[in-house]
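Read-outs throughout are calculated quantities, based only on the coordinates presented, and are distinct from any laboratory measurement. All of these numbers come straight from a predicted model, not from anything done at the bench. Positions of Cβ are generated from backbone atoms using ideal geometry, with glycine treated the same way; all protein chains shown enter the neighbour counts.
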Amino acid sequence: MIKETYLETLPFLEKIKPPLHEPLRIIGVGFNQRNFTLVAPFTTSFGTIIQLTRFYPRIVFRTEDGREIEGIGECPPLPYPWYDGEAHHLTKLALNEYFLPLLRNSTISIKNINDFIGIYGGITGIQRNFMAKVGVEAAYWDAVGKLTGKPVYQLWHNQEVKTVPTGTSVGGRNIYETLERIKSAIDIGIRRIKVKIKPGFDVDLVKTIREKYPDILLQVDANSAYDLNNHDHIAALKALDDYNLLMIEQPLWNDDRYYHMLLSQILQTPICLDESIENARHAAEAIQMWQKAKILERLIINIKPPRVGGFWEAVKIARLCRQYGVKTWCGGMLETAVGKTANVHFSVLTDLPGDHVSQGKYFVEDVAEPPNYHDGVIDVPQQSGWGIKNLSL
Ligand code: OSB
Ligand code: MG
């Protein structure tokens, strides 16, 4: 049985031991910036994305015995503050003004991830700024993996995992474009498709897809476009129950969990929370609400390490959900190869196919070779650290 209060779930979260290793000092900090063009413009209920800027924090650590190890991560904000309030310029500002100066002047001896996060979180109290945080934290994990000679996922999971299943997120501008992209995805062996919906672009779209593809694993993502007080919106969500969808992702307000639970009581299709889960406490809260309503099997959580400000928070959420039998999967922020590779390591801890591939290449040019995709699965790198291939910054 689930414990009744968050106070009881908190000790569980705290019991997770960070992988220990020797003390580290930060001796160099910087980041690279690159611009990218998507092969397929990505349309959601909040807008269309064609170009993206990504930042790659790099941190050089020195061990007690004088070895120097560099780690790298990716910050994947959207261009505008449409999804989570973060944006290209905001992330760059946060890196330049707040994160890097702190790390640059750090003489703290880091013994584990909590010390590292403490440099910017606990000690100086930088709140939110999750897109900046995740890239900085990812550089730490890359370095610890390289230091210990392990792929990062094995710092969190003590078994070898060769592949993880992958789906794709389709953001078409209209029904024809959406169908075309689904066909491209199916042609390359992808069996789980997520389509972006919004009011007026939902039931007919799903009906058409289902008529053509009765058996594919299909799910929809609304990015907060539905209004609980609008009868037409709710009628459309109810109508989606007839199409055997895996889940309906974040239909209501981006910061809401409670009204999603109420909505979940009148839908058969599971609700998946994305935007509204920013930390493990939010996940614990959702689990308790759905459990009290006796519909826990209708809750799914999309865990994006960037959206929760780091891989360690993401690991905590994955473990909490697993403990209560709540299914999870790893969503994406249209990351380039560095961020996607890191997400693939994290996906080892999740249950359902993640958003790790586009309907072909994501970007006209990438910064490295993306993780290897074949037949609906993606290879988990087995080299030490993230194991990013052919990086050129
Ligand atoms: O809601 O999952 C989302 C991309 C940007 C912002 C929000 C979302 C998405 C995606 C794309 O769905 C997932 C991917 O990286 O392929
Ligand atoms: Mg989403």
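If the requirement is being under 27 Å from Ser392 (Cα atoms) and either touching an Asp or Glu at 6+ places or on another chain (Cβ under 9 Å) or free of Cβ contacts under 8 Å to residues at least 24 places away in the same chain (or both), which of these qualifies: Ile27, Ile108, Ile49?
Matching residue, one of Ile27, Ile108, Ile49: Ile27.
For the stretch 206-229, which residues satisfy the criterion of being within 16 Å of ligand 1 (Cβ to nearest atom) and over 14 Å from Ser169 (Cβ atoms)?
Ser224, Ala225, Tyr226
Assigned to a strand (DSSP E or B) and either touching a residue at least 24 places away in the same chain (Cβ under 8 Å) or farther than 19 Å from Tyr153 by Cβ (or both): is that true of Ile317 in this structure?
No; evaluated as a whole, the condition is false for this residue.
Would you confirm whether or not the stretch 29-48 contains a residue that is in contact with a helix residue (DSSP H, G or I) (Cβ under 7 Å, 6 or more places away or on another chain) and hydroxyl-bearing (Ser, Thr, Tyr)?
Checking the stretch 29-48: not a single residue is in contact with a helix residue (DSSP H, G or I) (Cβ under 7 Å, 6 or more places away or on another chain) and hydroxyl-bearing (Ser, Thr, Tyr).
Considering the stretch 218-266 alone, what residues qualify as being touching a helix residue (DSSP H, G or I) at 6+ places or on another chain (Cβ under 6 Å), away from ligand 2 (no atom under 16 Å from the Cβ) and part of a loop (DSSP other than H, G, I, E, B)?
Hits for the stretch 218-266 are Asp227, Leu228.
Checking Lys133 against (1) of a type outside the set (Val, Ile, Thr); (2) within 16 Å of ligand 2 (Cβ to nearest atom); (3) within 17 Å of the chain's Cα centre (by Cα), which single condition isn't satisfied?
Among (1) of a type outside the set (Val, Ile, Thr); (2) within 16 Å of ligand 2 (Cβ to nearest atom); (3) within 17 Å of the chain's Cα centre (by Cα), Lys133 violates only (2).
With the structure loaded, tell me whether Asp355 is surrounded by fewer than 19 Cβ atoms within 10 Å (Cβ to Cβ) and of a type outside the set (Phe, Trp, Tyr) or whether it fails that test.
In short, no.
Residue by residue, here is whether (1) surrounded by 21 or more Cβ atoms within 10 Å (Cβ to Cβ); (2) away from ligand 2 (no atom under 16 Å from the Cβ); (3) among the acidic types (Asp, Glu) holds:
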{"position": "Leu273", "(1), (2), (3)": "yes, no, no"}
{"position": "Met289", "(1), (2), (3)": "no, yes, no"}
{"position": "Lys304", "(1), (2), (3)": "yes, no, no"}
{"position": "Phe311", "(1), (2), (3)": "yes, yes, no"}
{"position": "Lys316", "(1), (2), (3)": "yes, yes, no"}
{"position": "Arg322", "(1), (2), (3)": "no, yes, no"}
{"position": "Val326", "(1), (2), (3)": "yes, yes, no"}
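Among what's in the stretch 333-350 and is surrounded by fewer than 24 Cβ atoms within 10 Å (Cβ to Cβ) and under 21 Å from Lys196 (Cα atoms), pick the residue that is farthest from ligand 1 (Cβ to nearest atom).
Once the filter is applied, the top-ranked residue is Thr336.
State all residues of the stretch 273-300 that are out of contact with any Phe, Trp or Tyr (no Cβ under 8 Å at 6 or more places or on another chain) and under 16 Å from Val220 (Cα atoms); if no residue qualifies, say none.
Listed by number, the residues that qualify are Leu273, Asp274.
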